Amino acid sequence: MGIQDELQATIRDLVQKGKGILAADESHPTIAKRFKAIGMESTEENRRAYRSLLLTTAGAGEFLSGVILFEETLLQKADDGTLLPMVAWRQGIVPGIKVDKGTVPLCGAPNDLVTQGLDGLAERLKTYKTQGARFAKWREVYPITDRNPTALGVEANAEMLARYAAVCQEQGIVPIVEPEVLLDGDHSLQRCAEVTESVLHAVFHALHRHRVTLEYMLLKPSMVLPGKEHARKADPDEVARETVKVLRRVVPAAVPSINFLSGGQTAEQATANLNAMNVLFPQAPWELSFSYARALQQPVLDAWQGRRENVTAAQQVFHFRAVLTGAARRGQYRPEMERAA
Ligand code: 13P
């Protein structure tokens, strides 16, 4: 298969009606934080047991087309000895890999950050591909303050995303391009809309400069939301309208799918907001889907508590969340469905 055919086949597998992506690619510090909240230590064995719980959940493949893994997971095995990427494949879930190495302060732009990990990326991708990965993810983050993100922050982060995406496509790996405008702060929804528009505008300009083929990538943006500390909350219809308004201005129709991150929203909020987008914009030029970590996993962690005897209950919770998020992907979610839990 040529590179183009490989990219096309991966897009076909990832972009399916009613399905989205599970992000299970928490870095060591992030998974340690999630585990600590349920009183667990982040050991290699605990991480293996947890991710194996997610991937072996029966029926998960009915709602998930892909899963983003962290490097060590590619080499870990389920209890029956099957490599975890293979467990995913058997469920019809395409394995992907987080390839960025996290953020550092961006020099010359106080409070802005930039993501590392380009050195040796092509070689790393070759290895991940032999281990089963067919797509990759790279995240840039943009804090909102009165002065951030700066123009320099917007440009530098866009450049990194585009360079990463170009390297991925050259290796036959579909890039998920993730510019995350952070929820922290007390900014208004309108301010988030303005920042998101500038950020995405710069990202697509950079993707064009770096000759990234838009048909063979996925965009993973944050939704347009008021800051966490902002007094006025926004309901799902408003979030959906404002988010899609921005996306229509700056995301070319050639991009096959937009897979939102949940970004610290509750599972219910992230589900209701995605649902509203699919109800209000069934004719949008791209699929409106998900690539959630916390909104799919937090209820599972709470049910699991690191105990073997809770595995079945935790898998039921995961399956239930996947069903509801899959419904939101089709615009068929209703808040009453939460009560069935
Ligand atoms: P959240 O859905 O928890 O925001 O995580 C998505 C993700 O992959 C962040 O990089």
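Over the alpha-carbon set of region 88-138, divide Rg by the Kirkwood Rh and report the Rg/Rh ratio to two decimals. Walk me through the numbers on the way to the answer.
On the way: Rg = 14.6 Å, Rh = 12.7 Å.
Taking Rh as the inverse mean 1/r over Cα pairs, Rg/Rh reads 1.15.
Could you report the chain's accessible area per residue, 1.4 Å probe, as an integer in Å²? The partial results should precede the final answer.
Values: 14450 Å² over 341 residues.
Solvent-accessible surface per residue comes out at 42 Å².
Once both labels are modelled 7 Å past Cα along the beta-carbon direction, what's the Glu44-Ala340 spacing in nm?
Label-label distance for Glu44 and Ala340, simple model: 4.1 nm.
Express the carbon and sulfur contribution to the solvent-accessible surface of region 206-317 as a percent, rounded to the nearest whole number, probe 1.4 angstrom.
Working: 2260 of 4800 Å².
With neighbouring chains kept in place, the figure for region 206-317 is 47 percent.
Quick one: accessible surface of Leu261, probe radius 1.4 Å, all protein chains present, in square angstrom to the nearest 10.
Taking all protein chains as shown, Leu261 has close to 10 Å².
If you wrap a convex hull around the alpha carbons of region 44-158, what volume per residue comes out, as a whole number of Å³?
On the way: hull volume 15.2 nm³, N = 115.
Looking at region 44-158, the number lands at 132 Å³ per residue.
Suppose we keep just the DSSP beta bridges with both residues in the chain; what percent of those would be antiparallel, to 5?
Numbers: 4 of 33 bridges.
Restricted to the chain, the bridges split so that about 10 percent are antiparallel.
At a 1.4 Å probe radius, carbon and sulfur cover how many percent of the accessible area of region 40-192? Don't jump to the answer; show the numbers that get you there.
Numbers: 3080 of 5990 Å².
Here carbon and sulfur together make up 51 percent of the probe-accessible area.
Which one of Thr312, Thr325, Thr57 has the biggest mean-square fluctuation once the chain is modelled by GNM with Cα springs under 10 Å?
Checking each option, the largest mean-square fluctuation is seen for Thr312.
Label-point separation (nm) for Glu229 and Lys77, each offset 7 Å from Cα along Cα-to-Cβ?
5.0 nm
Modelled label-to-label distance, Met1 and Ala313, 7 Å Cα→beta-carbon offset: nm?
4.2 nm
So for region 138-222, averaging the separation of alpha carbon pairs under 8 Å that are six or more residues apart and normalising by length, what relative contact order in percent results? Each step should come with its number before you reach the end.
On the way: 118 pairs, mean separation 36.4, N = 85.
About 43 percent, as a whole number.
Given Cα pairs under 8 Å that are at least 6 residues apart, what percent is the relative contact order of the chain?
Values: 671 pairs, mean separation 59.5, N = 341.
Answer for the chain is 17 percent.
Could you work out how far the C-alpha centroid of region 123-155 sits from that of region 1-44, in angstrom?
With region 123-155 and region 1-44 each reduced to a Cα centre, they are spaced 14 Å.
How big is the Kirkwood radius of the chain, worked out from every pair of different alpha carbons and given in Å to one decimal?
Numbers: mean 1/r = 0.0500 Å⁻¹.
One decimal place: 20.0 Å for the Kirkwood radius.
Per DSSP helix of 4 or more residues, -39500 (n - 2.57); summed, then divided by the residues of the chain. What does that give at 222 nm, rounded to the nearest 500? Working shown, then result.
Values: 11 runs with 150 residues, N = 341.
Value at 222 nm, helices only: -14000 deg cm²/dmol.
About the Cα centre of the chain, what is the dipole size in debye to 20, counting +1 per Lys and Arg Cβ and -1 per Asp and Glu Cβ, all else neutral? Present the calculation step by step, with values, prior to reporting the outcome.
Numbers: 40 positive and 40 negative charges, 97 e Å.
In total the dipole reaches around 460 debye.
Taking a ≥ b ≥ c as the square roots of the eigenvalues of the Cα gyration tensor of region 134-292, is the shape rounded (a/c under 1.5), prolate (a/b larger than b/c) or oblate?
Working: a/c = 1.88, a/b = 1.31, b/c = 1.44.
Here region 134-292 falls in the oblate category.
For an R0 of 22 angstrom, estimate the FRET efficiency from the Cβ-Cβ distance between Thr213 and Ala122 and round to the nearest 0.05. Working shown, then result.
Values: r = 17 Å, r/R0 = 0.77.
Efficiency, from the Cβ-Cβ distance: 0.85.
The values are calculated or read from the model by the stated rules, or taken from the named source; none is laboratory data. Keep in mind the model is a prediction, meaning the values are calculated, not measured. Note that we place each Cβ from the backbone using ideal geometry, even for glycine, and neighbour counts take in every protein chain shown. The area values use the complete protein model at the heavy-atom level, side chains included, leaving out ligands, DNA and RNA. Shrake-Rupley method; radii C 1.70, N 1.55, O 1.52, S 1.80 Å.
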